[in-house]
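The values are calculated or read from the model by the stated rules, or taken from the named source; none is laboratory data. Here the structure is a predicted model, which is why all the values come from computation and not from measurement. Every residue, glycine as well, gets a Cβ built from its backbone with ideal geometry; the counts of neighbours run over all protein chains shown.
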Amino acid sequence: MGDDVDEIPNSTGPSDEIRSGFVAIVGRPNVGKSTLLNTIVDSKVTIVSNKAQTTRNQIRGVLNRERAQVVFVDTPGISKARTPLGTRLNSTAADAQSDVDVVCLVIDARSGFGKGDRFLIERLKPAETVLVANKIDGMDHAKVMAQLALTSEFDFAAYFPISAWTGKGVKPLVDYLVEQMPVGPLWYPSDVVSDAPEAFVVAELVREQLFHITRDELPHSIATRVVEWEWPRIRVEILVERESQKGIVIGKGGTILKEVGTRVRKQLPEGAFLELVVNVEKNWQQDPHLIERLGY
C-alpha cells in the first residue's frame, strides 16, 4: 500500500503538513454505513438497499481536502453468521478494523441500541472508536440523547448524532476525523473518490437495482459478476440459488430484467451496451470455493 503514493513537497513547517489516514466504518446490517460513506465523499461509491448483506466487500471512498486525505472503508454489516458467506463477510468487516487510524461504529438511533451493537463493541476498543448514532432525522433531541446515554458506559472516544440521509451532523463528524489523521502521504491521487474497479462497480449496480425493483420478493442470496467486458459491450451474470428465484429476477416476459438494465445504463457512460444473463448455482452461499471465486 505504501508503494503507490503521490510525492509530497518538502515540508517547511506545520502549515505544509498533510494529514492522511484510514477510517473503518463498521456496524450491524442496515444501519446506514454505505449511505454515510456516499454522503461523506459526495459521490456514489457503494450501493445502498435495505437488504442485509448488501455490502459484501471492503469499499473504499476517498475524501480529499486542501491539506488532508481520508480513506473511508465501508464494510459488510456484522451479524450472527448462518452460512459460509455470512462467516466470510464478518471476517471481511473484522479485517477492515486492523491497520486503520480510526474506527467509526455506526448504530441505528431509531431502532435503538441493542444486543447486536453490544456484540460488536466486544470486538472493538471503545476508547479508540467513534460512536456514530445515525438516522436521527425525524427524532426529537431528547430521544437522540437517550440513545447516546445508553452507550456512555463504554466511554467511546467521541459521540456524533447524525443523519447520513440528510447530511445533518455529518460535517462535524468529518471535521473531527480529519483532525485525528496523522501526518502522512497522499494514498491516492487527489481526483480519486474510489478505488473500485469498473467491472466491480457495474456488477454492484445491477445487484442494487435488483434489490430496489423486486423488493421483498428477492432474497439477498443473489450474486452478480461481469463475465465479459469488451467496451461498449458488458455482460453481467446474475446468480441465484434456485430455479424459482430465476423467474423472479427475469420477471414476466423479461420485464424485471429489462427494467434493471434500463436503470443501470442510465448510470453508465453513454453508448454502453449491457447484457444481463441469469443462471442457477444451487446453494452457492454454502460453497466456500465459489464464494472465493465470486470475490467475497
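Tell me which residues, restricted to region 108-143, are of a type in the set (A, V, I, L, M), surrounded by 13 or more Cβ atoms within 10 Å (Cβ to Cβ) and over 18 Å from Lys33 (Cα atoms).
Initial filter on region 108-143 (of a type in the set (A, V, I, L, M)): 109, 120-121, 124, 127, 130-133, 136, 139, 142.
From the residues that got through so far, the ones that are surrounded by 13 or more Cβ atoms within 10 Å (Cβ to Cβ) too are 109, 120-121, 124, 130-133, 136, 139.
If the condition is that a residue be of a type in the set (A, V, I, L, M), surrounded by 13 or more Cβ atoms within 10 Å (Cβ to Cβ) and over 18 Å from Lys33 (Cα atoms), then Met139 is the only one that fits.
I need the strands (runs of 3 or more DSSP E) fully contained in region 13-124, keeping only those with at least 2 residues that are within 11 Å of the chain's Cα centre (by Cα) and at pLDDT 80 or above.
On the way: elements: 19-27, 59-65, 68-74, 102-108.
Fully inside region 13-124 and qualifying: 19-27, 59-65, 68-74.
Go through region 194-209 and give me each residue that's more than 18 Å from Glu270 (Cα to Cα) and modelled with pLDDT under 90. So that I can check it myself, show each step before the final result.
Filtering region 194-209 for residues more than 18 Å from Glu270 (Cα to Cα) gives 194-197, 200, 204, 207-209.
Once the filter is applied, which keeps residues that are more than 18 Å from Glu270 (Cα to Cα) and modelled with pLDDT under 90, region 194-209 yields Ser194, Asp195, Ala196, Pro197, Phe200, Glu204, Arg207, Glu208.
Hey, any hits in region 187-207 for a residue that's more than 19 Å from the chain's Cα centre (by Cα), touching a residue at least 24 places away in the same chain (Cβ under 8 Å) and either in the same structural domain as Asn38 (by TED's automatic domain parsing) or crowded, with 19+ Cβ neighbours inside 10 Å (or both)?
yes
Can you name every residue in region 251-296 that is surrounded by 19 or more Cβ atoms within 10 Å (Cβ to Cβ) and part of a helix (DSSP H, G or I)?
Within region 251-296, Ile256, Leu257, Val260, Val264, Trp284, Gln285, Ile291 qualify.
Return yes or no: is Pro161 modelled with pLDDT of 90 or more and closer than 27 Å to Gln267 by Cα? Let's see the steps before the verdict.
Values: modelled with pLDDT of 90 or more: yes; closer than 27 Å to Gln267 by Cα: no.
Answer is no for this residue.
Out of Leu276, Leu290, Leu218, which single residue is aliphatic (A, V, I, L, M), in contact with a helix residue (DSSP H, G or I) (Cβ under 7 Å, 6 or more places away or on another chain) and modelled with pLDDT of 90 or more? Before the answer, list the steps.
On the way: Leu290 fails: modelled with pLDDT of 90 or more; Leu218 fails: modelled with pLDDT of 90 or more.
Answer to the selection: Leu276.
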